[in-house]
Amino acid sequence: MSFFKRLKEGMTSPRAKISIQFSKPSYALGENADGTVTVTSDEGFDAKEIRCEMQCVEEARRVKPVYDAVAKREVLTEAWESATLYSARPAVAGSLHITPGFSQTYQCNMNIAAGAKPTFQSIDSKTTWTVKAVIAIEGRPDVTSPTTQLQVTAPSAAPVIREKEIVREVVMIPCKYCGALMPQTDTACPNCGAKRTV
């Protein structure tokens, strides 16, 4: 192989495609996201692994003081800050030689962390879940699928089962001595302590 051909190959991805599909449009926190990864290729090459990459990223708009050299003072400036709350890279296949005309489908199963945050978007903050599939290749750029946004919801609360409640009607009568109301079933007035006469 000529030097220029090796150089070109080292700078370009193989002529291959990878895609990922999920079994349903949304998942709850703590659930397993299951899907299929499809790989096709028009070129032969060695792959280190085929994997899925999942990330949960939270972004928030913050107002921070930044020193302005022209004004020679601190100026309040809006900026977006981001943090990765969760990431996973499960492999669906180990190292293998991919041949021209290769076509294979793999099962992918990723756990959505119960302690992470559901998908959310407001004026000043957002939480997004993204997933992509990757063919990792030694010495060449990886082949990646388009990044897909996954809708993740908060888990639904378990239904509350109430035991049967027995409601009884209590008739109240006035005490002959103090006039306070007392249940008809009592033998003495709870207010003055006198015995019920009726």
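The values are calculated or read from the model by the stated rules, or taken from the named source; none is laboratory data. Bear in mind that the values here come from a model prediction, so they are computed numbers and not experimental data. Positions of Cβ are backbone-derived with ideal geometry, glycine not excepted, and every protein chain shown enters the neighbour counts.
Structure notes:
- LYS24 surrounded by fewer than 13 Cβ atoms within 10 Å (Cβ to Cβ) and outside any strand (DSSP E or B): yes
- Subset of region 107-134 (residues that are over 19 Å from the mean Cα position of the chain (by Cα) and modelled with pLDDT of 95 or more): VAL134
- Yes/no for ALA114 being of a type outside the set (S, T, N, Q), surrounded by fewer than 11 Cβ atoms within 10 Å (Cβ to Cβ) and assigned to a strand (DSSP E or B): no
- Enumeration of residues in region 69-106 that are part of a strand (DSSP E or B), loosely packed, with under 11 Cβ neighbours inside 10 Å and not hydroxyl-bearing (Ser, Thr, Tyr): ARG73, LEU76, GLU78, ALA79, ALA83, HIS97
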